[in-house]
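Before any comments, here is the structure.
The values are calculated or read from the model by the stated rules, or taken from the named source; none is laboratory data. Quick caveat: nothing in here was measured; it's all calculated off a predicted structure. We place every Cβ from the backbone using ideal geometry, glycine too, and count neighbours over all the protein chains shown.
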Amino acid sequence: MYLALLTLPLITFVCIGLFGRYIGPRGTIVLSLLSAVCSALISFTIFYEVALCRCPCQITYASYFHSGLFDANWGFLFDTLTAVMCVVVTLISCLVVLYSCSYMIEDPHFIRFISYLKLFTVAMLMLVTADNYIQLFVGWEGVGLASFLLISFWFTRLQASKAAIQAMLLNRVGDIALALGIICLFFCYKTTCYQALFTCVADFYSLAALQIAGYTSTQWSLLDFSCILLFIGAMGKSGQFGLHAWLPNAMNAPTPVSALLHAATMV
């Protein structure tokens, strides 16, 4: 059931993207709404089991890269924070899809628009359910790609194309900072897994406070620097001061896109 939260919108995105012209707008509406409602119901179930019943879940699906000490896995971590974010993402996505089915139905590229919405949902869910920074970065870049496609949906309009390029360029600042922060963390602890990192960082600060030998000032500086880089990455994606110039221009996108980007899912 936990993996169905991601596979449902992913399958819907693939089906609409590849076979949308065959199922038509009506079939797209039925498929997208059914997927959105089911994903929202699954997220509420996960919230009940994980947050209310206090039964966190971690799923390691497969290893896709291994080199020396570095082992990257497809893994999913469902804790209280993840459960809350899954409810937020799926519920808002469901409402946006429902609104889009009436607002955008007359648009000749309605099917493409719905497929972009599903891509955004998949990327956002991958971001919030990842159990390591590598998978988080994949979801992070997926959100950036989907937001670019949604903002430039009416690509024949010059302002929409400019707004999408501006959003992409400013988001790259946060992306580069996040990537450098992940690299610094890996150099410090030789892992990108959340649980291993949290344990190592807690032990590291405890030992550093006691001035235990073996931890140099270089390591201390690298850890602090990586945290600053991760913070800059979050600032870039959420459009904080200095990296917010793309937000007003993003209003050139269709109204459902503005709702999706600003309703606590991305910004």
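Things worth noting here:
- Exactly one residue out of F44, F137, F65 is buried (at least 16 other Cβ atoms within 10 Å of the Cβ) and aromatic (F, W, Y), and it is F137.
- Sole exception among (1) assigned to a helix (DSSP H, G or I); (2) modelled with pLDDT under 90; (3) of a type in the set (A, V, I, L, M, F, W, C); (4) over 12 Å from A250 (Cβ atoms) for A163, by number: (4)
- In this structure, S93 does satisfy being crowded, with 20+ Cβ neighbours inside 10 Å, within 30 Å of F155 (Cα to Cα) and under 16 Å from the mean Cα position of the chain (by Cα).
- Within segment 173-196, if we keep just the residues that are part of a helix (DSSP H, G or I) and in contact (Cβ under 8 Å) with a residue 60 or more places away in the chain, the residue that is farthest from E141 (Cα to Cα) turns out to be Q195.
- Among the residues making up segment 179-198, a single one is of a type in the set (S, T, N, Q) and surrounded by fewer than 18 Cβ atoms within 10 Å (Cβ to Cβ): Q195.
- Selection from segment 47-62 of residues that are surrounded by 11 or more Cβ atoms within 10 Å (Cβ to Cβ), of a type in the set (A, V, I, L, M) and under 15 Å from A130 (Cα atoms): I59
- Looking only at residues in segment 210-267 that are among the hydroxyl-bearing types (S, T, Y), modelled with pLDDT of 75 or more and out of contact with any Leu (no Cβ under 9 Å at 6 or more places or on another chain), the one that is farthest from A123 (Cα to Cα) is T255.
- Taken over segment 1-47, residues that are assigned to a helix (DSSP H, G or I), of a type in the set (A, V, I, L, M) and free of Cβ contacts under 8 Å to residues at least 60 places away in the same chain amount to 14.
- Of all the criteria given as (1) assigned to a helix (DSSP H, G or I); (2) in contact with an Asp or Glu (Cβ under 6 Å, 6 or more places away or on another chain); (3) hydrophobic (A, V, I, L, M, F, W, C), the one not satisfied by L77 is (1).
- Residue list for segment 4-36, restricted to those being under 14 Å from T90 (Cα atoms) and of a type outside the set (S, T, N, Q): A4, L5, L6, L8, P9, L10, L33, L34, A36
- Selection of segment 161-173 for residues being crowded, with 20+ Cβ neighbours inside 10 Å and of a type in the set (A, V, I, L, M, F, W, C) yields A163, A164, A167.
- Identity of the residue in segment 125-157, hydroxyl-bearing (S, T, Y) and in a helix (DSSP H, G or I), that ends up nearest to the chain's Cα centre (by Cα): T129
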